[in-house]
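The values are calculated or read from the model by the stated rules, or taken from the named source; none is laboratory data. All figures in this text were calculated on a predicted structure; none of them were measured in a lab. Quick reminder, even Gly has a Cβ in these numbers, built from the backbone with ideal geometry, and neighbours come from all protein chains shown.
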Amino acid sequence: MPEVRSLGYVVISAGDLDAWETFATELVGLQVAERTEDRLRLRNDQAWYRLDVQRGDAEGVTTLGWEVSGPAELVEFAKILESAGYDVTEESADVARDRGAMGVISFTDPDGLRVELFYGQKVDKRKFVSPTGADFVTGEGGLGHVFQLVNDEERFRQLYLELLGFKLSDYIEFGPIFGTFTHCNPRHHSFAFAAVPNAPKGIGHIMFEVEDIDTVGRAYDKVVKEGIAPLAISFGRHSNDQMMSFYVNSPSGFQIEYGTGGLLIDDSTWRPSRFDVPNFWGHEHQKRA
């Protein structure tokens, strides 16, 4: 079976690109790769870009881009997805070029979010230089992870575990609800999801991991002391991946998790677990103003 390698890029619709540029560069430490009136591309490593923020009336994540090894894998995934009832489009060379890839196929997930599979991600000749001095954990693990709020857990379990070949990492209890965490490389999870009643569906947060705790601490100070972004969840440590992190609200409403110290998985020895709490300490949800 073909395999997804990592989360390669995320496309975001936003009304205020200036706010996104300030937020991404001054707090998260992302570097501007391209800026026009209607588009802001951001990078956190050698890839041409990782976030593609496009001007639009809606706010939020519109597309997830998952990397595969090559053209043969795209063909195989197209067959697998179509046999399961998904309408798959082989995107044009122009679309692939715009994405910074050699080939792209696309479909929509059970909740209508656009998902793209691609290969041949463009590498930028320019050295990545973070405006805040942040060193990001990427490489084999991709840009980070995403957490999606969904309507039907079983349909997403089938899509990601059975069709796309992700592996189960573990589960977390959120009261009567379970979060499912999955991986496609040594990063503890690249995609997680949960069916939360009465919650807006879609990507709830994107996680960026940095190399050291001081980078996280300096960013946290900018949030709590300078108010550079609204704090959503205070500094704490997760139970399952042991990430030490905090969450802020992005200019488009969804959250950005910013942390360090995430576990790596060795599939030869890993056994999925069930955690009765999401955090060992901290991670207090903040009241909205």
Q) From the set of residues in segment 249-289 that are of a type in the set (A, V, I, L, M, F, W, C) and touching a Ser or Thr at 6+ places or on another chain (Cβ under 7 Å), which is nearest to Pro230 (Cα to Cα)? A) Ile256
Q) Of everything in segment 108-127 that's in contact with a Phe, Trp or Tyr (Cβ under 8 Å, 6 or more places away or on another chain) and buried (at least 18 other Cβ atoms within 10 Å of the Cβ), which residue is farthest from Asn151 (Cα to Cα)? A) Gln121
Q | Qualifying residues in segment 255-272 (those that are loosely packed, with under 13 Cβ neighbours inside 10 Å and within 22 Å of the chain's Cα centre (by Cα)) - the one nearest to Ser234 (Cα to Cα) | A | Asp266
Q) If Gln148 satisfies every condition in (1) touching a strand residue (DSSP E or B) at 6+ places or on another chain (Cβ under 9 Å); (2) of a type in the set (S, T, N, Q); (3) not in a strand (DSSP E or B) but one, which is the exception? A) (3)
Q. Here are some residues: Ala84, Ala93, Ala134. Which one is buried (at least 19 other Cβ atoms within 10 Å of the Cβ), small (Gly, Ala, Ser) and modelled with pLDDT of 95 or more?
A. Ala134
